[in-house]
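To start, the structure under review is shown below, and the notes come after it.
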Amino acid sequence: MASGKSIFKDITPQEAAEMIEKNKDNSQFVLLDVRTPAEFESAHLEGAENVDYQSSSFKEEIGQLDKEKKYLVYCRSGIRSANAVQIMRSAGFNEIYNILGGITLWADEGFPLVR
């Protein structure tokens, strides 16, 4: 980012939906699901990439991602994604948003899922 200012922010599912819509053609935007592959298979947000927070290789996999991109991270309830954001922050990522309430609140508020 030109300003050199890092952003680490919790946002609501509504704000997340707006961000996803606004960035749907942005190659610098990544939607990151940090649940297990089985959880990801059962339902996920359209366009999401899956990196399992509980995997022993999580830090290694995160380390291979482009730190300059903008990330929107979620899990089931918001706990794992909040932890993932801290790990990503320590790894030098600049712009990360965490969906409060995770995919559970996202679905409860009526936003679409890929099943």
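Please treat every number below as a calculation from the coordinates, not as lab data. None of the values given here were measured: they were computed from a predicted structure. Positions of Cβ are backbone-derived with ideal geometry, glycine not excepted, and every protein chain shown enters the neighbour counts.
Before moving on, here are some points about what is shown:
- Under 5 Å, built H, 5+ apart or other chain: amide partners of Leu72: Val30, Leu31, Leu32, Tyr97
- Per-residue HN-Hα couplings for region 26-37 [Karplus 6.51, -1.76, 1.60; θ = phi - 60°; Hz; x = Gly/Pro]: 9, 5, 8, 10, 10, 9, 10, 9, 9, 7, 5, x
- Cβ crowding within 10 Å averaged over residues, with 96-105, 5-14 ranked highest first: 96-105, 5-14
- Taking each DSSP H run with n ≥ 4 as -39500 (n - 2.57) and averaging over every residue of the chain yields -9500 deg cm²/dmol at 222 nm.
- Converting phi to 3J(HN,Hα) with the Karplus coefficients 6.51, -1.76 and 1.60 and the offset θ = phi - 60°, region 51-68 yields 10, 6, 4, 7, 6, 5, 9, 3, 4, 5, 5, 4, x, 8, 7, 6, 5, 7 Hz in sequence order, with x at every glycine or proline.
- Look at the alpha carbon pairs under 8 Å that are at least 6 residues apart: their mean separation over the length of the chain gives a relative contact order of 36 percent.
- The ellipsoid that matches the Cα gyration tensor of region 7-108 has semi-axes, each √(5λ) in whole angstrom, of 18, 16, 13, with the longest given first.
- In Hz, Karplus ³J(HN,Hα) per residue of region 78-87 (6.51, -1.76, 1.60; θ = phi - 60°; x = Gly, Pro): x, 6, 4, 5, 5, 5, 4, 4, 4, 5
- Amide H partners (placed H, <5 Å) of Thr36, local residues excluded: none
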